[in-house]
Amino acid sequence: MKTKILAAVLAFATNAAFAGAITNGDFASGTLNGWSANGSASVVSNSTYYFADLYAGLGANVYTTLSQSMYLQAGDVLTGSAQFFAHDYMPYDDSSYVSIGGTNLFTSSISSVGNYGTSALTTFSYTVLTSGNYVLSAGVKNSGDNSGASELQISNFAVATNVPEPASMALMGLGLLGVAALRRKSRI
């Protein structure tokens, strides 16, 4: 019985302390280490922070992409930022996205920012509902032609750990005290 209780406590503590891992989410290494790139992607600094800079140009309607696989726990919160720069005009509706596990966190296109327009620097967050493996992906593409390559900048990716609330920890402590009291009472 003592072993089962200890195993349960350790499992709970391990689960609470586990943080989803993202490699080089702030690109501060100045490289794309930890990321898989397809197309023109590099790391740039603007004196405030580093960001990954993706340019369309792989062909009409083909995304330049940057992606990373990671394991996330239910309750973890992924945050990041993105900004789209249109270097083209309508009817060539170049577009961009940032997504995780098929859920879009950021989208922008020429139709939303205007000819040669720029989106606001957008910060987003995603709360993980189910523990598992996820793919964080970003992309930008030319639409209808392969000139006037539009651009997507991404950065500041981080994962906040699923930390139990103080009330949950208090209930866990009370439960352990109750089990200890029962064990003591059964010895008497």
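Here are the numbers for this structure:
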quantity: Residue-count net charge about ALA86 - beta-carbon cut-off 14 Å; Lys, Arg +1, Asp, Glu -1; calculated: -4
quantity: Contour excess over end-to-end distance, with Cα ends at ASN146 and SER29 and 0.36 nm allotted per residue; calculated: 39.0 nm
quantity: The range 18-174: translational diffusion in µm²/s, Stokes-Einstein, Kirkwood Rh over Cα pairs, 37 °C, 0.692 mPa s; calculated: 200
quantity: Hz values of 3J(HN,Hα) by residue in the range 24-30 - Karplus curve (6.51, -1.76, 1.60), Gly and Pro given as x; calculated: 6, x, 9, 6, 5, 6, x
quantity: Per-residue ³J(HN,Hα) for the range 124-135, Karplus 6.51 cos²θ - 1.76 cosθ + 1.60, θ = phi - 60°, Hz, x for Gly and Pro; calculated: 9, 9, 9, 9, 6, 8, 10, 4, x, 8, 10, 10
quantity: Dipole of the range 26-173 [Lys/Arg +1, Asp/Glu -1 at C-beta], most positive-end residue of TYR134, PHE157, LEU54; calculated: TYR134
quantity: Net charge of neighbours whose Cβ lies under 12 Å from the Cβ of GLY144, counting Lys and Arg as +1 and Asp and Glu as -1; calculated: -3
quantity: Charge tally in the Cβ shell below 14 Å around SER109, where Lys, Arg are +1 and Asp, Glu are -1, SER109 excluded; calculated: -3
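None of the figures in this text is laboratory data; all of them are computed from the coordinates on show. A quick note: this is a predicted structure, and the numbers were derived from the prediction, not measured. Virtual Cβ from ideal backbone geometry, glycine too; neighbours counted across all protein chains shown.
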